[in-house]
1. Could you please report the charge total around Gly21, scoring K, R as +1 and D, E as -1 over all other residues with beta-carbon less than 15 angstrom from its beta-carbon?
2. Pulled fully out, how much extra length does the chain show between His73 and Leu93, if you take 0.36 nm times their separation in residues and subtract their Cα-Cα distance?
3. Tell me which residues come under 5 Å, amide H to amide H, from Phe16 once H is placed; ignore anything under 5 positions away on its chain.
Amino acid sequence: MFCGKCGAAIEPGNQFCTRCGAPAAGGAPVGTAAASAAAPAPPAPVYSAPPAYVAQPPYGAPPYYAPPTSASHGTTMNVVGIVFVVLGIIAALVATGLSWEESYIWAAGVFLTATFLFVIAGVFFALARRR
Ligand SMILES: [Zn+2]
């Protein structure tokens, strides 16, 4: 007989081809292929769940200060700014009257005061707008 794989002559008593090692067609079934196919699949690895993630709070304590409501804060700052604007206008009017009375030194001081009041008012307006 001949090997079905490589065609070499196989002795009647041999179960395998002497050239390529393929099992002889007439020989006893070796069953290697069947055995390997029938081999039980390895058991699937048991999936071990990782430990549950414990969420930690980012901070233990909430912030101490509560941000003031922008409405009330801005309103307060605007009111203060308006008060300074009114004071500055009054100072400017007084300075104008003083200047007509030729009290130039006083007028200069009052004008400077009015300017200073306007600057303060602007600062308060800026604070009111920031928050
Ligand atoms: Zn062969």
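1. On the way: positive: Lys5, Arg19; negative: Glu11.
Combined, the nearby Lys, Arg, Asp and Glu give +1.
2. Using 0.36 nm per residue and subtracting the Cα-Cα distance, I get 4.2 nm.
3. Ala24
Rule-based calculations on the coordinates, nothing more; no lab input. Since we're looking at a predicted model, the values are computed, not measured. With ideal geometry, Cβ positions are generated from the backbone for all residues, glycine too; neighbour counts draw on all protein chains shown.
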